[in-house]
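What follows is one structure encoded as structure tokens, with my remarks underneath.
The values are calculated or read from the model by the stated rules, or taken from the named source; none is laboratory data. This one's a predicted model, so the numbers in the text were calculated from it and none came from an experiment. Backbone-built Cβ (ideal geometry, glycine too); neighbour counts: all protein chains shown. Just the protein is used for accessible areas: all its heavy atoms, side chains included, with ligands, DNA and RNA removed. Shrake-Rupley method; radii C 1.70, N 1.55, O 1.52, S 1.80 Å.
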Amino acid sequence: MAEGDILDMTASDLGIAAAPRHVALIMDGNGRWAAARGLPRFEGHRRGVEALRRTVRAAIDLRISFLTVYSFSAENWSRPLEEVQSLLGLLHRFIRNDLSELHANNVRVRVIGARADLTPEIANLLREAEQVTQANTGLTLVVAFNYGARQEIAAAARALAQMVAEGRLSPDQIDAEAIAARLDTADIPDPDLIIRTSGEQRLSNFLLWQAAYAEFVFSPILWPDFDRAALVAALDEYAHRERRFGRVEAPRSAKTAS
Ligand code: IPE
Ligand code: IPE
Ligand code: MG
């Protein structure tokens with residue numbers, strides 16, 4: 001290969017991850033942020049919404065196509081009632097106050113997670129956010145609310161079993177693609193980069209299926225302190241990763257493959 005050729009190669013030809021198309025965020029550490037300041041946990045959550053606002057603006061600016069944020073897990077219902085109510089209130093206010101700005105910024109809102117057990121008020125609000133922004137072509141902001149990956153996979157299995165029971169599908173047609181097509185994320189590409197703040201290094205039932213080949217960045221920053229610089233630092237770390245997808249060398253484009 002001539003020396004000049006390397007300059008013509010894309011980041012993916014070189015096996016460098018470059019810019020992620022889909023970034024997923026586990027926004028963790030609100031409670032510890034508040035406790036460190038002698039404040040109630042609610043204050044940490046309130047400041048966490050401000051960090052979310054900053055991060056969405058940065059993601060738009062950095063031309064990220066998909067940003068998924070873990071806002072409330074299926075297991076978070078087991079927190080004290082008062083905290084659950086304050087988290088629901090914050091979600092409510094975030095959508096009420098920020099929907100018009102998101103829409104004006106061409107953001108498409110999508111919500112993943114179980115809707116069935118939500119109050120009609122919250123369910124309507126989430127539906128409204130999706131409907132109002134559905135034709136937008138900028139950042140897709142995926143809000144994971146009442147989301148649990150195991151529950152999502154179980155629902156997909158149930159839907160496929162139902163089709164088999166009705167004779168519309170044969171068991172040997174159930175492959176990874178058939179399952180992926182029945183997840184809440186069916187039309188969303190898998191995350192390239194998953195960032196978790198607060199120093200915890202676990203997924204906590206987030207995107208278990210979709211994370212199969214994601215890169216992980218664990219940041220010690222507590223979520224309310226997260227900002228554009230922290231996001232850029234994570235993107236920079238990602239850009240130095242080599243993604244192999246099970247191959248011996250990095251995937252090459254059709255142009256350079258021979
Ligand atoms: C993240 O912060 C917000 C939610 C899980 C909803 P936490 O409330 O989990 O904060 P820590 O982990 O207790 O510090
Ligand atoms: C994960 O954080 C859920 C969200 C960030 C919404 P948790 O704080 O609930 O996770 P665990 O309990 O520490 O694993
Ligand atoms: Mg936590």
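Under a plain spin-label model, where a point goes 7 Å from the Cα along Cα-to-Cβ, how far apart in nm are Asn124 and Asp187?
2.5
For region 89-215, with all protein chains present and a 1.4 Å probe, just round the carbon and sulfur fraction of the accessible area to a whole percent. Present the calculation step by step, with values, prior to reporting the outcome.
Details: 3160 of 6320 Å².
Ligands and nucleic acids excluded, carbon and sulfur reach 50 percent.
Stokes-Einstein D for region 113-258 at 4 °C, 1.567 mPa s, Kirkwood Rh over Cα pairs, in µm²/s? Display every interim value, and only then the final one.
Working: Rh = 18.5 Å.
In µm²/s, the coefficient is 70.
At q = 0.14, 0.17, 0.20, 0.29 Å⁻¹, what log₁₀ I(q)/I(0) does region 163-222 have when each alpha carbon counts as one equal point scatterer in the Debye sum?
-0.54, -0.68, -0.82, -1.19
Calculate how many DSSP beta bridges within the chain are antiparallel, expressed in % of all such bridges and rounded to the nearest 5.
Rounded to the nearest five, the antiparallel share is 5 percent.
Taking every eigenvalue of the Cα gyration tensor of the chain, multiplying by 5 and rooting it, what semi-axes result, largest first, whole Å?
31, 26, 18
Peptides 77-86, 210-219: what's the order by average Cβ count within 10 Å, highest mean first?
The packing order, highest mean first, is 210-219, 77-86.
Looking at region 90-174, what % of the alpha carbon pairs are farther apart than 16 Å?
That tail contains 61 percent of the Cα-Cα pairs.
With every protein chain kept in place and ligands, DNA and RNA left out, what is the accessible area per residue of the chain? Probe 1.4 Å, answer in Å².
Solvent-accessible surface per residue comes out at 53 Å².
Could you let me know the centre-to-centre spacing of region 195-216 and region 45-101, using Cα atoms, in angstrom?
The two parts, judged by their Cα centres, are 18 Å apart.
Using only DSSP helix segments of four residues or longer, with each worth -39500 (n - 2.57), what per-residue ellipticity at 222 nm results for the chain after dividing by its residue count and rounding to 500?
-13000 deg cm²/dmol
Taking the Cβ-Cβ separation of Arg54 and Gln173 as r and a Förster radius of 45 Å, what is the calculated FRET efficiency to the nearest 0.05?
Result of the calculation: an efficiency of 0.50.
Within 10 Å, count the other beta carbons around each residue, average over each peptide in 38-46, 176-184, and list them highest first.
Final packing ranking: 38-46, 176-184.
Under 11 Å from a label point 7 Å along Cα→Cβ of Asn97: give me every residue in region 49-66 with its amide N that close.
49-51, 53
Give, in whole angstrom and from largest to smallest, the semi-axes √(5λ) of the equivalent ellipsoid of region 13-122, with λ running over the eigenvalues of the Cα gyration tensor.
On the way: eigenvalues 139, 65, 45 Å².
Ellipsoid semi-axes (Å, largest first): 26, 18, 15.
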